[in-house]
1. Within segment 153-171, can you find the residues that are farther than 18 Å from Leu192 by Cα, among the hydrophobic types (A, V, I, L, M, F, W, C) and assigned to a helix (DSSP H, G or I)?
2. Among the residues of segment 302-322 satisfying the criterion of being within 18 Å of Leu217 (Cβ to Cβ) and not in a helix (DSSP H, G or I), which is most open to solvent (accessible area, probe 1.4 Å)?
3. State whether the residues of segment 221-237 include one that is open to solvent by 30 Å² or more (accessible area, probe 1.4 Å), assigned to a strand (DSSP E or B) and out of contact with any Ser or Thr (no Cβ under 6 Å at 6 or more places or on another chain).
4. Here are Arg209, Arg233, Arg220: which of them is more than 29 Å from Phe287 (Cα to Cα) and at pLDDT 95 or above?
5. Of all the residues that make up segment 241-279, how many are under 20 Å from Asp196 (Cα atoms) and touching a residue at least 40 places away in the same chain (Cβ under 8 Å)?
6. Which is out of contact with any Pro (no Cβ under 9 Å at 6 or more places or on another chain), touching a residue at least 12 places away in the same chain (Cβ under 8 Å) and either within 22 Å of Leu24 (Cα to Cα) or among the charged types (D, E, K, R) (or both), of Ile100, Ile143, Ile149, Ile112?
7. Go through (1) touching a residue at least 60 places away in the same chain (Cβ under 8 Å); (2) among the β-branched types (Val, Ile, Thr); (3) open to solvent by less than 30 Å² (accessible area, probe 1.4 Å) for Ile216 and report which single condition fails.
8. Here's a check for you: in segment 33-88, which residue that is among the polar types (S, T, N, Q) and either free of Cβ contacts under 8 Å to residues at least 24 places away in the same chain or touching a His at 6+ places or on another chain (Cβ under 6 Å) (or both) is nearest to Asn104 (Cα to Cα)?
Amino acid sequence: MNAMTPTEKLHDCRDAFVSVLERLGSENPKVVAVCNDSVGSSKLGGFKSKWPERLVNVGIAEQNMVGVGAGLANGGLLPFVCGASCFLTGRSLEQVKADIAYSNANVKLIGISSGMAYGELGPTHHSVEDFAWMRVLPNLPVIAPCDSIETAAAVEWAARYEGPVFLRLSRVGVPDLLPAGHVFEPGKANLLRDGDAVTLIANGTLTHRVMKAAVILAARGIEARVLNMATVRPIDVESIVAAARETGAILTAEEHSIYGGLGSAIAEVVVAEAPVPMKVLGVPGIFAPTGSAEFLLDEFGMSPQGIATAAEELLARKSGRS
């Protein structure tokens, strides 16, 4: 099944998020937004202009922001708590743990500009630990949509879901991969391309790069299966086990540290259920240098060509040639 191929037009997933949020706001007066002096970067200007009384800007005080969100949820409102993912998660981890996850508060945490989207601002603004921090917490689905269509669908789902959600969004433009009308299912991967030689698994900004890598591999006679694994927790065990058994090798790619993220979550399944050779692509456990997100992803071997080369090296291991 090779029907899902990327278009060339790039979309900012934040636009999809706020479009759905504003519609939800018009339908439900209980929808509120909370931010950390990030009205602009979270693209909440339209929401603020329509319902200024329903937007709480706490300033640069992320721990307080999470607590405010929990309080609003306890009061029967439906808060979307928005901020740069590096600060929403890193500065507020204790509050997310105690006030949101442990309390099972109906708060939607929106980590904006995740990964290395703030590349030029350096490691203090890179968010390459948030999967690890968030996925370890009980009661908290962790989601990184691959495109604007999946973003909109995930926001729709999150609004209906009774409980906390962490939604990780980038500001880097990506092409749409999923069909219009896509319905988000938590814990369910999307098969974007079928193949039997190797499985490539990604989410967020890496998904379209993995798709391009699959095209490169196909030109070399290697048919790669591609899975969009938007939900890091709960992970799609069934799709991972099937991929391991049917293709015999799995490569993951993510805009995150190689420790504790998507690759780690998949490896936990593989080692327990269907051991096969694996390769985890990501930030290799270092503070990334300063540079654009595109430059940094390429630097860490996650250009389409770099992913394809890594897949070929993995296949050599699979066949025992190295």
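1. The answer is Val155, Trp157, Ala158, Ala159.
2. Top of the filtered list is Arg321.
3. yes
4. Checking each option against the conditions leaves just Arg220.
5. 13
6. Ile112
7. (3)
8. This residue is Asn64.
The values are calculated or read from the model by the stated rules, or taken from the named source; none is laboratory data. Keep in mind that this is a model prediction, so the values were computed, not measured. Glycine also receives a Cβ, built like all others from the backbone with ideal geometry; neighbour counts cover every protein chain displayed. Quick note on the areas: whole protein, heavy atoms, side chains included, nothing else; ligands and nucleic acids left out. Shrake-Rupley method; radii C 1.70, N 1.55, O 1.52, S 1.80 Å.
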